[in-house]
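Any read-out appearing in this document is the output of simple, stated calculations on the displayed coordinates, not a laboratory observation. Note that this is a predicted model, so its numbers are computed, not measured. Every residue, glycine as well, gets a Cβ built from its backbone with ideal geometry; the counts of neighbours run over all protein chains shown.
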Amino acid sequence: MNEADEEHHVAKLLVAELDDMHGRGDHFDAKFTVLAENVRHHIKEEENEMLPKAQELQMDFDKLGETMLARKQQLLKNGFPPVGEEKMVAATHTRRDSPARKKQTKVKVKV
């Protein structure tokens, strides 16, 4: 589960960075590609590892689905609270790109 938590964290960071870039920036396409690859990988893990384990549990999945739907409706009505990753990206808003881009501008080549 720790790995899944970290995968969710990275995905949230990438989504927040992409949202902050408004479809522009040197790394927009690269970030989107990395996000898509990570999400595909995560989905395969959940389908192949976690869902089979969940099916073995003695759980009322219909009730769980109803609870999740009610929460979704509540969030859609009241808005989604900001996540920590959005706050982290907002704090770097003045850079307008990733730390990797900032590092590229500092590299000096000696000739």
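Packing-wise, with mean Cβ within 10 Å as the measure, how do 46-59, 16-29 rank, highest first?
Highest-to-lowest ranking by the protection proxy: 16-29, 46-59.
I need the peptides 3-12, 62-71 ranked by packing, meaning the mean over residues of other C-beta atoms within 10 angstrom, with the highest value on top.
3-12, 62-71
Taking other Cβ within 10 Å of each residue's Cβ, how do F80, F32 sort, fewest first?
F80, F32
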